[in-house]
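What follows is a set of notes on a single structure, which appears directly below.
None of the figures in this text is laboratory data; all of them are computed from the coordinates on show. Just so we're clear, the structure is a prediction, and the values are computed from it rather than from any experiment. Every residue, glycine among them, receives a Cβ derived from its backbone with ideal geometry; neighbour counts consider all protein chains shown.
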Amino acid sequence: MAATTSTPDFVAVETLAARIPNGARIALPADYSGCAMTMVRALMRRGVRDLHVVSVPQGGFQVDMLIGAGCVARVEAAAVTLGEYGLAPRFTAAIRSGEIDMWDSTCPALLAGLQAAEKGVPFMALRGILGSDLLRVRPDWKVIDNPLAESGVKDPIVILPAIRPDVALFHALKADAKGNVWVGVQRELMMMAHASKTALVTVEKIEDGDFLRDPELAAGTIPSLYISAIAQARNGAWPIGLDNAYPADAKALADYAAAAATAEGFARWRDAMARDAVHA
Amino acid sequence: MIGAIAALLDGLGHVAVGARSPIPGSAAHLARARSGGALRVSILGSRRHSSFTEGARELFDCAGQGRIDAFFLSGGQIDGQANINLVGVGDVADYPRAQARFPGSFGSAYLYFVVPRVILFHLEHSPRTLVPKVDFVSAPGTSPPEVYRPGGPHALVTSLCVFHFDRARARFRLASTHPGVARDAVRAATGFDYDEPAAVPVTPVPDAGQLALLRTDIARTIADTYPAFAAKTWGIGPAPR
């Protein structure tokens, strides 16, 4: 999964899923911004193991489904929740049983860690956090005295290690033939791509031309140099919505939340999903 | 609750509303209407009601610069020193295992420090949620003097009452009870100790005009981000795009 400098490969969804090895540290976006749900289902089918999921900055349906399917060893997130659909049931059960490891964070700390990786520096400093038990459960976070403070002034400040995922995985509206991907104002996706060693992307459509030459599109486009492969997946964010394309499928999300309340319910949901070719 | 929270926002310039906060979101929009549009409201996760174009991090960068005057936080547990717990119930030594796991700290461990007026809210006012000491400190209510902290807790609004927080004393003080709620009922439902004046006022309720506004324009605005809440509370969907 070395960084690529040539045009990304255009591949099928299953091929894209095969590029995520067991044990990968994988960055996934929050539910409001470009979730590659077709890929999540492909990863469940493949039975990927021991993922270290980095939720940017919080996790939802994707993380819960992957945990339920036994794909996850560790979650690094500021929160995991199904939002209006309640607690994330498989996540909650896995924490209670000790099945997964948890690296609790706070949103700006996670984003700052990714920013450090974007810059290629070892850490980023952030205000706040002092006195929080997060510092007790995150031994990789350190407190230093601000070395630039006026002499004699004590100014403790938290530093956070760079977060450099092996791969960023997300879904976007469109890619061009050169492999540039337009994400609009979903800037977390851009940050994830910059910070990660590489990005794997699904898109609704692939268009001719070059988005970088279009001033309307260029600022919201991730250049292909950060991306190693792209797969087309229509309705690729379903049942979560996609900005500028389609809304969330509230019934399907509520059905999942209800089913996943128990391990048996989750297994039935997963079997039904595997049978349903439309949403493969 | 919406009216009580809106009253705490009067006179401010920029209020941001985070995840899982439909009631504060409604209150912020009510306060915006009361300010004649002078109050800027940014709702995370809402394309149309957010001033941000740089993704999630812009809210935090903005807050770090002092550009956000008020924010809302809740917690599975809140204690009498305004420490909040969004991680879980159980001994922190057992972490990451927990008897009950909450979603997580979101932006609390940072925003509680940098936003001047943080308003805590909780729909369930009970000894289970308002505790003597939280099991896990997601974000502390107060900090030692050497810690950079322009922000912190301002008030706690619950289904029963409004508390104000005294940062110097690190204690809550009962500011008002909602209509029909006795002060003894508040005491019985609160797991932490707090101060109480001789006479406790009643929380003012929105007038008819404000209620009408809540049930129409604001309900549609909120439905954009919290469709299930708006449907349940007001029976209304998002405005057409």
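Shape class for the protein assembly as shown: prolate, because the ratio a/c of the largest to smallest gyration tensor axis (alpha-carbon atoms, square roots of eigenvalues) is 1.5 or more and a/b beats b/c. Normalised by the number of residues in chain B, the mean separation of alpha-carbon contacts (under 8 Å, six or more apart) gives a relative contact order of 17 percent. Around residue B:12, what is the net charge, scoring Lys/Arg as +1 and Asp/Glu as -1 over all other residues with Cβ under 15 Å from its Cβ? Residues near residue B:12 contribute +3 overall. Taking every DSSP bridge with both residues inside the range B:74-193, close to 65 percent are antiparallel. Taking amide H positions as modeled 1.01 Å from N, with prolines and chain starts lacking one, the residues under 5 Å from residue B:171 and 5 or more places away or on another chain are B:166. Per-residue shielding of A:99-112, expressed as the average number of other chain Cβ atoms within 10 Å of the residue Cβ, stands at 6. In order along the range B:170-185, the Karplus-derived 3J(HN,Hα) couplings, from 6.51 cos²θ - 1.76 cosθ + 1.60 at θ = phi - 60°, round to 6, 9, 8, 10, 4, 9, 6, 10, 5, x, x, 9, 7, 5, 5, 5 Hz, and Gly and Pro are given as x. Using only the Cα atoms of the range B:74-193, build the gyration tensor, take square roots of its eigenvalues as a ≥ b ≥ c, and label the shape rounded, prolate or oblate: rounded if a/c is under 1.5, else prolate if a/b is larger than b/c, else oblate. Oblate shape, in that a/c is at least 1.5 and b/c is the bigger or equal ratio. Calculated [222 nm] ellipticity per residue, helices only, for chain B: -6500 deg cm²/dmol; basis is -39500 (n - 2.57) per DSSP H run with n ≥ 4, divided by all residues, nearest 500. A simple rule links phi to the HN-Hα coupling: the Karplus curve 6.51 cos²θ - 1.76 cosθ + 1.60 with θ = phi - 60°, which for the range B:4-17 gives 5, 5, 4, 4, 6, 9, 4, x, 8, x, 8, 10, 10, 10 Hz, with x for Gly and Pro. Between residue A:264 and residue B:173, the modelled label-to-label distance comes to 5.6 nm, taking each label 7 Å out from Cα in the direction of the beta carbon.
Taking trypsin sites (Lys or Arg not before Pro) across the range A:119-175, the ones in a DSSP loop with at most 12 further Cβ atoms lying within 10 angstrom of their Cβ are A:154. Beta-bridge orientation, the protein assembly as shown: approximately 35 percent antiparallel, per DSSP, counting only bridges with both partners inside. Exposure proxy for B:154, A:171, B:29: other Cβ atoms within 10 Å of each Cβ, ordered fewest to most, give B:154, B:29, A:171.
DSSP beta bridges fully contained in chain B are about 45 percent antiparallel. Pairs of Lys residues in chain A that lie 8 or more places apart, or on two chains, and have C-alpha atoms under 24 angstrom apart add up to 7. Ordering B:176, A:97 from the fewest to the most neighbouring beta carbons within 10 Å gives A:97, B:176.
Let me know the mean shielding of A:80-88 by other chains, meaning the per-residue number of their Cβ atoms within 10 Å of its Cβ.
For peptide A:80-88, the averaged partner shielding equals 4.
Does chain A come out rounded, prolate or oblate by the C-alpha gyration tensor, with a ≥ b ≥ c the root eigenvalues, rounded set by a/c under 1.5 and, if not, prolate when a/b is larger than b/c and oblate if not? Verdict is oblate for chain A. Residues within the reach of a label modelled at residue A:225 (point 7 angstrom out along Cα to beta-carbon, backbone nitrogen below 14 Å), restricted to the range A:163-203, are A:180, A:194-195. Taking a Cβ cut-off of under 9 Å around residue B:172, the surrounding Lys, Arg, Asp and Glu residues balance to a net charge of -1, with basic ones at +1 and acidic ones at -1.
Exposure proxy ranking for B:161, A:71, based on other Cβ atoms within 10 angstrom of each Cβ and starting from the fewest, stands as A:71, B:161. Other residues with beta-carbon under 14 Å from the beta-carbon of residue A:154 carry, at +1 per Lys or Arg and -1 per Asp or Glu, a net charge of -3.
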